[in-house]
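A.B. asks: Pasting a structure below so you can have a look.
Values quoted throughout were computed directly from the atomic coordinates according to the rules given, and no laboratory measurement underlies them. All figures in this text were calculated on a predicted structure; none of them were measured in a lab. A quick note on method: Cβ atoms are made from the backbone with ideal geometry, for glycine too, and the neighbour counts reach across all protein chains shown.
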Amino acid sequence: MRVLAVIHGPSVRPEVFEDVVTEDGHELVEWDIRLQGPPPEAFDAVMVFGGDQNVGEEVTHPWLHDEYDALRRFVEHGTPVLGVCLGAQTLAHATGGTVEPIGTTLSGFYPTELTAAGAADPVLGVMPRQFDALNLNGYRFRPPDDAIVLAVGPVIQAFRLGARAWAIQFHPEVRRDQVVEWFTEDDAITRPLDEFLAELDDHLEAWQEQGRVLCRAFLTAAAG
């Protein structure tokens with residue numbers, strides 16, 4: 001398969017997910033929508049990653065409109081989509097949901113639970129019924145009315161729209177240096193760095209393995 005990775009900056013790349021895509025013999029094409037404009041449609045699957053931008057900042061980041069339009073086209077045409085963090089929020093917004101500030105910034109691993117629909121889902125269902133998910137976000141989504149909520153935690157953590165579009169608020173794709181950079185550059189986070197690093201180092205290896213399983217499940221669903 002040809003897999004498109006829509007990114008929003010150099011520190012928010014596919015990372016562990018890129019490893020899985022290439023290991024499984026697929027082609028991954030990165031597309032920085034800020035610099036390259038609307039993404040092409042000739043792909044078998046699309047993954048949209050995070051960023052420090054937010055829904056509602058279209059004046060500052062006008063390319064967000066290109067992303068909303070592209071996501072609507074992908075969903076309409078049945079292209080498998082996986083949105084991660086900002087990508088999940090833009091997917092929710094583009095398809096009739098809402099995105100809003102939480103009022104605080106989540107920073108760390110949070111207890112998360114699959115719903116009954118999530119446990120039966122071909123992608124989210126590969127995760128444990130209960131798990132600790134890595135969140136680094138100050139915004140949350142509310143899915144469109146016709147979406148199915150797949151996981152809940154401190155915020156709604158995942159939903160599916162139709163049969164081939166998934167959104168996850170948490171970050172299963174990350175590497176350590178990447179997460180540390182996000183944490184240290186976010187002035188809204190007040191949590192002590194040493195406390196966060198201890199938690200990250202305690203969880204990261206197992207979390208990355210779960211991320212690999214989740215990514216592979218998405219690729220399998222997309223191929224099917």
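A.B. asks: Roughly how many debye, to the nearest 20, is the charge dipole of region 1-105 about its Cα centre, given +1 on each Lys and Arg Cβ, -1 on each Asp and Glu Cβ, and no other charges? Numbers along the way, then the final one.
C.D. replies: Working: 5 positive and 18 negative charges, 47 e Å.
Roughly 220 debye for region 1-105.
A.B. asks: Rg/Rh for region 73-224 to two decimals, with Rh computed the Kirkwood way over all alpha-carbon pairs. Could you put the intermediate results ahead of the total?
C.D. replies: Details: Rg = 15.0 Å, Rh = 15.7 Å.
Rg/Rh for region 73-224 comes to 0.96.
A.B. asks: Pick out, from Pro40, Leu204, Thr22, the residue whose Cα sits farthest towards the positive end of the charge dipole of the chain, with +1 on the Cβ of Lys and Arg and -1 on the Cβ of Asp and Glu.
C.D. replies: Highest projection toward the positive end goes to Pro40.
A.B. asks: Starting from 0.36 nm per residue, how many nanometres of slack lie between Leu197 and Arg2 once their C-alpha separation is accounted for?
C.D. replies: Taking Leu197 through Arg2 to full extension adds about 66.7 nm, to one decimal.
A.B. asks: Please pull out the direction-averaged projected area of region 23-162, using the convex hull of its alpha-carbon atoms, in nm² to one decimal place.
C.D. replies: Working: hull surface 35.8 nm².
With the hull built on Cα positions only, its mean projection is 8.9 nm².
A.B. asks: To continue, here is another question. What dipole magnitude, in Debye to the nearest 20, does the chain give about its Cα centre under +1 on Lys/Arg Cβ and -1 on Asp/Glu Cβ? Show your work: numbers first, answer last.
C.D. replies: Numbers: 15 positive and 36 negative charges, 155 e Å.
Using Cβ point charges on Lys, Arg, Asp and Glu, the chain gives about 740 debye.
A.B. asks: Compare the Cα positions of Thr105, Val84, Thr60 along the charge dipole of region 18-170 (+1 at Cβ of Lys, Arg; -1 at Cβ of Asp, Glu; about the Cα centre) and return the one farthest towards the positive end.
C.D. replies: Positive-most Cα among the choices belongs to Thr105.
A.B. asks: For Ala120 and Glu181 in one chain, what is 0.36 nm times their gap in residues minus the Cα-Cα distance, to one decimal in nm? Working shown, then result.
C.D. replies: On the way: separation 61, 0.36 × 61 = 21.96 nm, distance 3.50 nm.
18.5 nm is the gain from fully extending Ala120 to Glu181.
A.B. asks: Sequence-distant or interchain residues sharing an amide H contact under 5 Å with Ala165, placed H: which?
C.D. replies: Amide H neighbours of Ala165: Val81.
A.B. asks: Within the set of other residues whose C-beta is less than 12 Å from the C-beta of Ile102, count the net charge using Lys and Arg as +1 and Asp and Glu as -1.
C.D. replies: +1
A.B. asks: What order do you get for Val48, Val55 when you list them from fewest to most C-beta neighbours inside 10 Å?
C.D. replies: Val55, Val48
A.B. asks: Separation of region 6-26 and region 206-221 by C-alpha centroid, Å?
C.D. replies: That distance is 12 Å.
A.B. asks: Which one, Gln169, Ala120, Ala188, is farthest towards the positive end of the dipole of the chain when Lys and Arg carry +1 and Asp and Glu -1 on their Cβ?
C.D. replies: Ala120
A.B. asks: Rank Asp19, Asp194, Asp52 by mean-square fluctuation in a GNM of the chain with C-alpha springs under 10 angstrom and give only the top-ranked residue.
C.D. replies: Maximum among the listed residues: Asp194.
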